[in-house]
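Let me begin by presenting the structure, written as structure tokens, before commenting on it.
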Amino acid sequence: MARVLVVDDSIVMRKNLITILEGDGHQVVGEASNGRQAVTQYEELEPDLVTMDISMPIMSGVEAVRKIIAKYPEARIIMISAVNQKKMVFNAINSGAKHYIIKPIVGKKVISVVNEVLQMEIEEAKEALIEESNGKQGFEINNVNGAFVITFNSDLDKSDHKLLNMAIRGILFIKPLKVEFNFNALEDVNLEVLKPILSLAKEIEEHEGIVTFVSQSSELGEKLPM
């Protein structure tokens, strides 16, 4: 689930985007009707994602992108444009926007682009975290028949918590969500390492996801809600 700021001078367009985003499990934390408001709202809310109309009064979307990126270079901004605004889209992307959507707005296209941008950021952060931990990663995630299988290995330790937490938050909005925590390669896991994983499992269930645990170790099995 992402926290989203929706920026558009058309209230109809904002409502349309809000319906699409909230329908996919995202949280719209703010709205703005021009670029100046967008900059102010971004500073106050620091959302995970922004949908930014290009052509607006007072301050254009392109100028708003420049101002936001100048202060928050990690900002994730998706431009919303008309077919005849390709040059402005190019300028926005060149200024730091991550992607664009051409009107008319279609729900599947919006969600596809949103997911692509979120996944892009997850992969970049993942690479940085793996490099920070000397290239070792205690788990890998694969999509198997519609379920996310998280397979842990002997490198699993506390340094994996941040990356695993980020990966889980990147898929919480998926419906239906099925996650398998597979510990088969491990005989046991220290409780200090295991407890945050169990907390993530509980959070998945709170988002109506289905969680299963797999382990061949009787010692570890006693610690898991199997």
TODO: For residues that are surrounded by fewer than 21 Cβ atoms within 10 Å (Cβ to Cβ) and out of contact with any Asp or Glu (no Cβ under 6 Å at 6 or more places or on another chain), tally how many sit in the range 1-19.
DONE: 10
- [ ] Find the residue count for the range 183-209, including only residues that are among the aliphatic types (A, V, I, L, M) and out of contact with any helix residue (DSSP H, G or I) (no Cβ under 8 Å at 6 or more places or on another chain).
- [x] 5
- [ ] Looking at (1) more than 17 Å from the chain's Cα centre (by Cα); (2) open to solvent by 30 Å² or more (accessible area, probe 1.4 Å); (3) closer than 17 Å to LEU5 by Cα, find the lone condition where VAL65 falls short.
- [x] (2)
Open item on the list: Please go through the range 3-42 and give me each residue that is among the basic types (Lys, Arg) and modelled with pLDDT under 95, ordered by number.
Closed with: ARG3
- [ ] Return yes when ASN91 is without any contact (Cβ under 8 Å) to a residue 40 or more places away in the chain, among the polar types (S, T, N, Q) and buried (at least 16 other Cβ atoms within 10 Å of the Cβ) and no when it is not.
- [x] yes
TODO: Output the residue which, of all residues in the range 32-55 that are open to solvent by 10 Å² or more (accessible area, probe 1.4 Å) and β-branched (Val, Ile, Thr), is nearest to PRO104 (Cα to Cα).
DONE: VAL39
TODO: State yes or no: is ALA32 over 24 Å from LEU172 (Cβ atoms) and either among the basic types (Lys, Arg) or touching a helix residue (DSSP H, G or I) at 6+ places or on another chain (Cβ under 8 Å) (or both)?
DONE: yes
- [ ] Can you tell me which residue among LEU191, LEU200, LEU177, LEU172 is open to solvent by less than 50 Å² (accessible area, probe 1.4 Å) and closer than 18 Å to LYS223 by Cβ?
- [x] LEU200
Open item on the list: With the structure loaded, tell me whether ILE105 is part of a helix (DSSP H, G or I) and either surrounded by 16 or more Cβ atoms within 10 Å (Cβ to Cβ) or modelled with pLDDT of 70 or more (or both) or whether it fails that test.
Closed with: no
Open item on the list: Could you check the range 124-147 and list, in sequence order, the residues that are loosely packed, with under 12 Cβ neighbours inside 10 Å and at pLDDT below 80?
Closed with: GLU124, GLU127, ALA128, GLU131, GLU132, ASN134, GLY135
TODO: Would you mind telling me which numbered condition in (1) open to solvent by 20 Å² or more (accessible area, probe 1.4 Å); (2) touching an Asp or Glu at 6+ places or on another chain (Cβ under 6 Å) GLN216 fails?
DONE: (2)
- [ ] Take ILE150 and decide whether it is at pLDDT 90 or above and β-branched (Val, Ile, Thr).
- [x] yes
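The values are calculated or read from the model by the stated rules, or taken from the named source; none is laboratory data. In this text the structure is predicted, and so the values were computed from the model without any measurement. FYI the Cβ positions are ideal-geometry reconstructions off the backbone, even for glycines, and counts take in every protein chain you see. Areas reflect the complete protein model, heavy atoms only, side chains present, ligands, DNA and RNA absent. Shrake-Rupley method; radii C 1.70, N 1.55, O 1.52, S 1.80 Å.
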